[in-house]
Structures are given as C-alpha cells and as structure tokens.
Amino acid sequence: MPYRLDVTSDQDSYPILIGAGDWTTLAAEIGVRFNPTQVVVAMDETVASIYGSIATSALTKIGKPVGQLLCPAGEASKSAEMAANWWQALAARAVDRHAVIVALGGGVVGDLCGFVAATYLRGLRFVQVPTTLLAQVDSSVGGKVGINLPSGKNLVGSFWQPGLVWIDPAVLRTLSDREFSAGMAEVIKYAVLRDDGLMTFLEEQSPAILARDPEVLGPLVHRCCAIKADVVHQDPRETNGIRATLNFGHTIGHAIESMTGYSSVLHGEGVAMGMVAETRLAERIGLAAPGLATRLEDLLRLYQLPIDLPNFAWEQWHRAMLRDKKNVAQQVAFALPSRLGCVALKHDVAIGDVQAIVSC
Ligand code: NAD
Ligand code: GLY
C-alpha cells in the first residue's frame, strides 16, 4: 500500500485509491479534486456512530458547509421511500450541481446514495468511501446504483460512476465477523471468475485473512478491485455478457434474498449459497467437470459462509428467479462456470435442471 487503479468506463475515468491515507488526506483529496460548494456525507446510523464525527470534522477542513444524510442500517433502507427522503433533504440544504456527495458505508449506502446522486438535479458528483469488505471489493466500483422494490432487488437504478473511490482497509477492523465473511463471498466469486492463483491464495491464507491482517487485506482488496475495474472497462453497461459474469451465484442468491424478505440472509450469504448451487447446476448439465462445487464448498466453509440452500417450494423459487434482470423472454439466465477462471452467461438452461438443483 498505497495502491492506485484507474477505472475507465463509457462515462468517465476515475481513480480507486487504496490505503492512501487517513480522513484528513481524504478531505484534502476531495477539496482539490472537486472544489465543491458543499459536501454531504451519506451514512447509515451504525457507520455514523463509528465514523460520522471523525469523517465530518475532517471534511469541514475543506472550508465549505458539510451536511449529513442518514438512514437506518440494513437492506430495507435501499428503498424508494428513503431515496425520496434524501432528495428532499438535499433540496432543504439547497444543494447545487457543484456539491459533492460522499457515500460512507457499505453497499446499501453506496447503492442508495449513488442513485440519489444520479437523479438529483439530473446528476451530482459523488465519492464512494466503502467501509465493508463487500463494498470495498465490489459495490463501490463500477457505477451500478439503485434501490429495491418489494417485488425484486435492484429493480430501479442507473449506471452512475463515482468521481473517486477511496478505500481504507483499516476501517474493516470494526466490521462484525458475519459481515466480513459475507464480503469474502464476493472475493471468492472473483477467484472462480479469474483463478489466477487467487483460489489457492484464499485456501492457504484463511487464518491471516480472517484475522484481518492489513498486510494481507490491502493486496487482496487491490486484486479484487483490479479484476472489477477490468470487467467494467470491457463492459461498462453490461451489454456484451462480460459484466454479467460478475453475477455468478446471484440468480439463486438474489432469489434467496427476496424469498427471505431481505432480512435474515445477507447479500454475501445468498451469493455463497447461490455459487454452490449454480456450480452444481453447471456440473449437472455437463458444463463443468465434477469437483469444482466441492472445492468451492470447502473454501466457503473455511470463511464461515453458508452453503446449503433454504427450503422453499419450487413455485416460489421459480417466481423469484423469473424477476432476475439477466433474463430474456422469461428464460431464467445464469452466469455459470465451466472451469476455474471461466464463467459465461447462459440463457438456455432447462428449467427442469434448475428445479432439480434447488429442490435437493
Ligand atoms: P450493508 O451496507 O448493509 O453493510 C452491512 C452492515 O455493516 C451494516 O449494518 C452497516 O451499518 C455495517 N457497517 C458498515 N461498515 C462498517 C464498519 N466499518 N464497521 C462496522 N459496521 C459497519 O451491506 P453490504 O454487504 O456492504 O452491501 C450489500 C448491498 O450491496 C446489497 O444491497 C447489494 O445488493 C449491494 N451490492 C451492490 C453492488 C453494485 O455493484 N452496486 C455489488 C454487490 C452488492
Ligand atoms: N456487482 C455486479 C456488477 O457490478 O456488475
């Protein structure tokens, strides 16, 4: 550390800075890079209670007004109601197009804040300061922003790239073990997507990673962000099938989240169960050789992630999967691995094979 990566998309180019300094350095970077008329920090209540004062007082040094947008912690805040709440709060603060919004928190705040930034005044500049492992390796990069509807996850949203992603792996020390493990599901997803020795590294280094050793975490976060930045560069708006491979495990994972009401199962936990089931599906249809799912299960277990699917009637599974955004003409789509390092989007999986996998 420190590391710098540049993400180039169809909209813009922006840096990801990893381990580049403390809150004061972040404030100085925002001041110089954006010269904002005001700064608004978006946080959930948990993150606000831990990092709110230190972040706000550092940002005050820019010399411009600093405000806050708050929401309760948890997936339920990624809602149309909360977005409307924050739009009104921005209006009350007379926020103009030269302001900058800072998304300080996990993927929920990043997605919600990014959506509000994308839509208020037809677009405000925003900065991602991810504080969960999941947000540091995935959701803060690539500009997918949005909210959930009761009928499905991330159904309303946009592509709106941040102007800066600022990652400090040190903030992960206050994260709960369960949330840290949930983030590891997305890290493991990158290992299946790219291999590159990452799978073996994760198998061998689990004690240091689980101990959140900064010497190990910094390079790991950097490796994941580099993969994500490369995917986003090749397919910024998910139009050619490359970015959709990041959805490995997500068709089934999102269905689990939706069937369990976005409350009892964390996003990363749904992805963990989804990756195992989708790999078993790939093996069942002869796409992947037997053995990959078992290796993946062993790795997920090492990081204390769930692997067994919850029990739901097939009709519920099918209804939930039919709402997946990758589907075309009611055909449920999956990003499936054929081997380590090779995942591709499939639109032709027979529904009977899917039923056999989720009904096991
Ligand atoms: P989250 O934002 O709900 O954060 C998890 C919990 O950790 C919250 O309770 C939060 O208050 C707490 N927390 C955050 N940082 C902390 C810290 N440093 N110390 C202590 N507690 C902390 O959940 P998440 O897992 O970060 O994000 C999940 C969301 O991300 C889902 O909505 C998912 O759909 C979305 N997502 C988006 C993308 C994308 O590309 N936009 C990619 C993956 C996931
Ligand atoms: N997390 C999936 C994507 O960014 O495309």
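Screening the stretch 251-351 for helices (runs of 4 or more DSSP H) wholly inside it with 2 or more residues that are under 25 Å from residue 132 (Cα atoms) and open to solvent by less than 70 Å² (accessible area, probe 1.4 Å) returns the ranges 267-284, 292-302.
For the stretch 95-125, give me each residue that is within 16 Å of ligand 2 (Cβ to nearest atom) and either hydroxyl-bearing (Ser, Thr, Tyr) or touching a Gly at 6+ places or on another chain (Cβ under 6 Å) (or both). 103, 111, 115, listed by residue number.
Residues that are within 23 Å of residue 275 (Cα to Cα), among the small types (Gly, Ala, Ser) and within 13 Å of ligand 1 (Cβ to nearest atom) do occur in the stretch 169-177, at least one of them. Selection over the stretch 46-75 of residues that are out of contact with any His (no Cβ under 8 Å at 6 or more places or on another chain) and either closer than 11 Å to residue 112 by Cβ or within 16 Å of ligand 2 (Cβ to nearest atom) (or both) gives a count of 2.
Name every residue in the stretch 111-140 that is β-branched (Val, Ile, Thr) and in contact with a strand residue (DSSP E or B) (Cβ under 6 Å, 6 or more places away or on another chain), in order of residue number.
Those that are β-branched (Val, Ile, Thr) and in contact with a strand residue (DSSP E or B) (Cβ under 6 Å, 6 or more places away or on another chain): 127, 129, 131.
Are any of the residues in the stretch 124-135 open to solvent by 20 Å² or more (accessible area, probe 1.4 Å), out of contact with any Ser or Thr (no Cβ under 8 Å at 6 or more places or on another chain), part of a strand (DSSP E or B) and under 20 Å from residue 55 (Cβ atoms)? Working first, answer last.
Narrowing the stretch 124-135 to residues open to solvent by 20 Å² or more (accessible area, probe 1.4 Å): 125, 132, 134.
Adding the requirement that they be out of contact with any Ser or Thr (no Cβ under 8 Å at 6 or more places or on another chain) leaves 125, 132, 134.
Filter once more, keeping what is part of a strand (DSSP E or B): 125.
From what is left, the residues that are under 20 Å from residue 55 (Cβ atoms) are 125.
Looking for residues that are open to solvent by 20 Å² or more (accessible area, probe 1.4 Å), out of contact with any Ser or Thr (no Cβ under 8 Å at 6 or more places or on another chain), part of a strand (DSSP E or B) and under 20 Å from residue 55 (Cβ atoms), one finds at least one in the stretch 124-135, hence yes.
Pairs are defined by a Cβ separation below 8 Å, a sequence spacing of at least 6 or placement on different chains, a first member in the stretch 140-165 that is within 24 Å of residue 3 (Cβ to Cβ) and part of a loop (DSSP other than H, G, I, E, B), and a second member that is acidic (Asp, Glu) and away from ligand 1 (no atom under 11 Å from the Cβ); the pairs so defined are 161/12; 163/12.
Can you go through 246, 220 and tell me which one is buried (at least 21 other Cβ atoms within 10 Å of the Cβ) and away from ligand 1 (no atom under 15 Å from the Cβ)?
Residue meeting the stated conditions: 220.
Only one of the numbered conditions (1) part of a helix (DSSP H, G or I); (2) under 19 Å from the mean Cα position of the chain (by Cα); (3) farther than 27 Å from residue 160 by Cβ is violated by residue 216, and that is (2).
At least 1 residues being closer than 30 Å to residue 235 by Cα and open to solvent by less than 20 Å² (accessible area, probe 1.4 Å) is the threshold, and among the strands (runs of 3 or more DSSP E) wholly inside the stretch 1-87 those reaching it are 3-8, 13-18, 39-44.
Of 279, 251, all but one fail to be more than 14 Å from ligand 1 (Cβ to nearest atom) and either among the β-branched types (Val, Ile, Thr) or over 14 Å from residue 138 (Cβ atoms) (or both); the exception is 279.
Please work out if residue 216 is under 25 Å from residue 75 (Cα atoms) and more than 15 Å from ligand 2 (Cβ to nearest atom). Outline the logic, then answer.
Numbers: under 25 Å from residue 75 (Cα atoms): no; more than 15 Å from ligand 2 (Cβ to nearest atom): yes.
Against the criterion (under 25 Å from residue 75 (Cα atoms) and more than 15 Å from ligand 2 (Cβ to nearest atom)), residue 216 does not qualify.
The values are calculated or read from the model by the stated rules, or taken from the named source; none is laboratory data. Everything numeric in this text was worked out from a predicted model, so none of it was measured. In this analysis, Cβ positions are derived from the backbone assuming ideal geometry, glycine residues included, and neighbour counts consider all displayed protein chains. The accessibility values were calculated without ligands, DNA or RNA, using every heavy atom of the protein model including side chains. Shrake-Rupley method; radii C 1.70, N 1.55, O 1.52, S 1.80 Å.
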